[in-house]
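Scroll down for the structure; my scribbles are underneath it.
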Amino acid sequence: MIGIINNRIDENTFELLGKANQLAQKIQADLCLFIIGSMNMEIDKVKDYADLTILLLSEKFEHFSVYPFLINLERAVRKYKPSILLSPATTFGRTIMPALAARLATGLTADCTDLDVDEKGNLLQTRPAIGGNVMATIITPNHRPQMATVRPRSFSFQPEKRKGMVERDEIVKIEDGCEFISMEKRETSAQIDQAQVVVSVGKGLRRKENTEIAERLAKMVNGAVGATRSVVDAKWFSHDHQVGLSGKTVKPKIYIAAGISGAVQHIAGMQTSEIVVAINKDKYAPIFKVADIGLVSDAYSTLEQIVKLLEDEKDE
Ligand SMILES: Cc1cc2nc3c(=O)[nH]c(=O)nc-3n(C[C@H](O)[C@H](O)[C@H](O)COP(=O)(O)OP(=O)(O)OC[C@H]3O[C@@H](n4cnc5c(N)ncnc54)[C@H](O)[C@@H]3O)c2cc1C
């Protein structure tokens, strides 16, 4: 059985269901979705894409708290015994999965960007390693379940209809040492992981003031501004804007890489974009290897020309 754990029904759940369905077909396994959270879950939206959806719902689960979630998930996993267990590499997945792996005395590969299974049912867990310079494929041959968290937006498989059964599992009430007091949502200016167009800037823009043209372009197309780590390190933008291995993974319809060299760590975060437009004055820059449209030109003046064209079009 392949299991997926999440605390909400969101795009990450559907993404993992799509990929897990592909793996399950390959090894003839059942696909089971563990949903843990508050009572108000739109189960009907998702249940048909798993063989079995196991609900761990409680009004006490409205706010995430590690210990009660962990104990209930451990119980459910021991009961249903999936051989593979996946969760999105979100704050939830990144927090709960290592703790769960420790309790189940098994391994965990964090932040995978690709998954496959071999004929023996081993999960092939691929992720960047050694500073992103190599892609390592890791297996867990001696322990079960084989656990992995998966970077959001790594796959584009659509989930398919399966048996669609639903079971509600009993919740063990745990005396939680934490008390929920209040929550403040952090406002972030960078919605790069949601935007359909991302205009990303690199050191080729030369100075912070020049990035204003990228912001103008992003605003005109209702997009967002991304950045390389070098630009974030130089404090041109906050870390919310960083695309790549140690930033966010984005999958927009159009990704414009302006003055970006295309280091492997950057490419790891944008290579699943639908159309990549690269602007770099060096025709040998590695970014051109992943570009659909390549412009060998100055990044600032090219962005300026695009903005002007769009402005002229608006005026007509
Ligand atoms: C563990 C680790 C994690 C990392 N994580 C990330 C990450 O998440 N995201 C990330 O982006 N990086 C990450 N990096 C850093 C990465 O290796 C690169 O250093 C970084 O991406 C380079 O940023 P850049 O392309 O802006 O700068 P540079 O590499 O300096 O490239 C600038 C580019 O601009 C071009 N250029 C110069 N002038 C112009 C001009 N006038 N017009 C057009 N083009 C011009 C140059 O030809 C060059 O290709 C990580 C590194 C490590 C070791």
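The values are calculated or read from the model by the stated rules, or taken from the named source; none is laboratory data. Remember, it's a predicted structure, so these values are computed and weren't measured experimentally. When we count neighbours, we look across all protein chains shown, and the Cβ atoms used for this are built from the backbone with ideal geometry, even at glycine.
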Checking Ile192, Ile171 in turn, the sole residue that is assigned to a loop (DSSP other than H, G, I, E, B), closer than 25 Å to Lys45 by Cβ and not hydroxyl-bearing (Ser, Thr, Tyr) turns out to be Ile171
If the Cβ limit is 7 Å and pairs must be 6+ apart or interchain, which residue in segment 115-136 that is more than 17 Å from Arg151 (Cβ to Cβ) pairs with which residue that is within 16 Å of the ligand (Cβ to nearest atom)? Asn133/Val264
Output the qualifying pairs, or none if there are none: Cβ atoms under 6 angstrom, residues six or more apart or on different chains, first residue in segment 274-298 and farther than 13 Å from Ile256 by Cα, second residue small (Gly, Ala, Ser) and near the ligand (Cβ under 10 Å from one of its atoms). Ala285/Ser261; Ala285/Gly262; Pro286/Gly262
What are the residues in segment 51-71 that are farther than 14 Å from Glu167 by Cβ and either in a strand (DSSP E or B) or touching a strand residue (DSSP E or B) at 6+ places or on another chain (Cβ under 9 Å) (or both), if any? Ser58, Phe61, Glu62, Phe64, Phe69
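Based on this model, can you work out whether Met135 counts as within 30 Å of Lys26 (Cα to Cα) and buried (at least 16 other Cβ atoms within 10 Å of the Cβ)?
No; evaluated as a whole, the condition is false for this residue.
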Answer with yes or no whether Val221 is within 16 Å of the ligand (Cβ to nearest atom) and modelled with pLDDT of 95 or more. no
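Every residue, every condition in (1) more than 10 Å from the ligand (Cβ to nearest atom); (2) within 18 Å of the chain's Cα centre (by Cα), yes or no:
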position: Ala257; (1), (2): no, no
position: Gln265; (1), (2): no, yes
position: Pro286; (1), (2): no, no
position: Asp292; (1), (2): yes, no
position: Asp298; (1), (2): no, no
Would you pick out the residues in segment 86-99 that are part of a helix (DSSP H, G or I) and touching a residue at least 60 places away in the same chain (Cβ under 8 Å)? Phe92, Gly93, Ile96, Met97
Out of Ile138, Ile213, sole residue that is within 30 Å of Leu100 (Cα to Cα) and either within 18 Å of the chain's Cα centre (by Cα) or not acidic (Asp, Glu) (or both): Ile138
Of all residues in segment 1-59, which are crowded, with 21+ Cβ neighbours inside 10 Å and within 18 Å of Thr91 (Cβ to Cβ)? Ile4, Ile5, Asn6, Asn7, Asn12, Thr13, Glu15, Leu16, Phe34, Ile35, Ile36
Taking Thr211 and the conditions (1) more than 30 Å from Thr126 (Cα to Cα); (2) within 16 Å of the ligand (Cβ to nearest atom); (3) of a type outside the set (Phe, Trp, Tyr); (4) not in a helix (DSSP H, G or I), which numbered condition does it fall short on, given that it satisfies the others? (4)
Answer residue from segment 163-188, given it is surrounded by fewer than 12 Cβ atoms within 10 Å (Cβ to Cβ) and small (Gly, Ala, Ser) and is nearest to the ligand (Cβ to nearest atom) among those: Ser182
Checking Val277 against (1) aliphatic (A, V, I, L, M); (2) farther than 15 Å from Val197 by Cα; (3) more than 12 Å from the ligand (Cβ to nearest atom), only one condition comes out false. Which one? (2)
If you take the residues of segment 276-301 that are among the small types (Gly, Ala, Ser) and not in a helix (DSSP H, G or I), which of them is surrounded by the most Cβ atoms within 10 Å (Cβ to Cβ)? Ala278
Output for segment 241-250, where each listed residue is more than 6 Å from the ligand (Cβ to nearest atom), of a type outside the set (A, V, I, L, M) and closer than 19 Å to Ala214 by Cβ: His241, Lys248
Could you please find all residues in segment 124-162 being more than 16 Å from the ligand (Cβ to nearest atom) and of a type in the set (A, V, I, L, M, F, W, C)? Leu124, Ile138, Ile139, Met147, Ala148, Val150, Phe155, Phe157
Do we have Asp116 as charged (D, E, K, R) and within 16 Å of the ligand (Cβ to nearest atom) here? no
How many residues are near the ligand (Cβ under 9 Å from one of its atoms), within 16 Å of Val198 (Cβ to Cβ) and not in a loop (DSSP other than H, G, I, E, B) if we restrict to segment 227-240? 4
Please indicate, with yes or no, whether at least one residue in segment 241-263 is out of contact with any Leu (no Cβ under 9 Å at 6 or more places or on another chain), part of a helix (DSSP H, G or I) and among the small types (Gly, Ala, Ser). no
